[in-house]
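Just below is one structure, and these are the notes that go with it.
The values are calculated or read from the model by the stated rules, or taken from the named source; none is laboratory data. What you are looking at is a predicted structure, and each value in this text was computed from that prediction instead of being measured. Backbone-built Cβ (ideal geometry, glycine too); neighbour counts: all protein chains shown.
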Amino acid sequence: MSFVTRSAEDPAALLVQARDGDAAALGRLLEMYRNYLRLQARALIGAGLRVRLDPSDLVQETFLDAHRDFADFAGQTEGEIVAWLRKILVRNLADQLKRHRAGGRDYRRQESLEAKLDRSSRDIQEALEAGLSTPSGRAAQREQSVVLADALAALPPDYREVLVLRHLERLKFDEIAARMGRSSGAVRMLWTRALEKLHGLLEDRS
C-alpha cells in the first residue's frame, strides 16, 4: 500500500506564489501542515486540558494568524515554515492558557510550552528513526515529521491513537489499555497492527 501525502504540491513553489500575492497558494501551503500542527497541539495540550482546549481550534487560530502575519515571514525552506508555524502555535496556546487562569501573563508558562514542543518534535523524529519507518523517494525530500503526521492522520482512529499514546505521550501499555478501555494484550496487538499499517503507508510509492 502506498501513501499519498496531504498535498503533492511543492512547498517551495507555493511559497513563491504566496509571496507574489496569491492568497490561494498561501492557503494551500498552510493546509499542508494541518495534520502536523494538530499532532503538535495535542502533544502540547495533554489529556488534562483537552476537555477545555481543542487542538483543531488551536490550529485554525494559528492559520488565521499566519495569514495575517505572512508578510513578516522571511524564511525560504520548509523547515523554516514549520518552525514559524510552531512558534505561532505555542504563542496561541500560551494565550489560551492565560484566559483559563486569573492574573497576568506567565512567561514561564510559554517557555515551558516551547521546551515541551521541542521535545515533542524530537519525539516525532526519534519515532521515525527508531523504526516506525523512514519515507523514501519524493517523501524523503519533505520534512519527515510532517510526512509522518500525514501518515498518522490517514490511519484508522484506534491505530492512530495507540501510536500517539505509545510513541508521543510515551505511555506504558497498561496505561494505554486504561485510556482506551481495552486489555493490555489487546493494546499490544493493536499497536503491532498499527505499526504494520503505518509502515505500509510510508513505503516508497515507486
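Annotations for the structure displayed:
- Unmet criterion (only one of (1) modelled with pLDDT under 90; (2) under 14 Å from the mean Cα position of the chain (by Cα); (3) among the charged types (D, E, K, R)) for Arg50: (2)
- For segment 152-206, the helices (runs of 4 or more DSSP H) that sit wholly inside it and include 2 or more residues that are over 17 Å from Leu39 (Cβ atoms) and at pLDDT below 95 are 184-202.
- Hits in segment 70-96 (condition: over 20 Å from Asp150 (Cβ atoms) and outside any helix (DSSP H, G or I)): Phe73, Ala74, Gly75, Gln76
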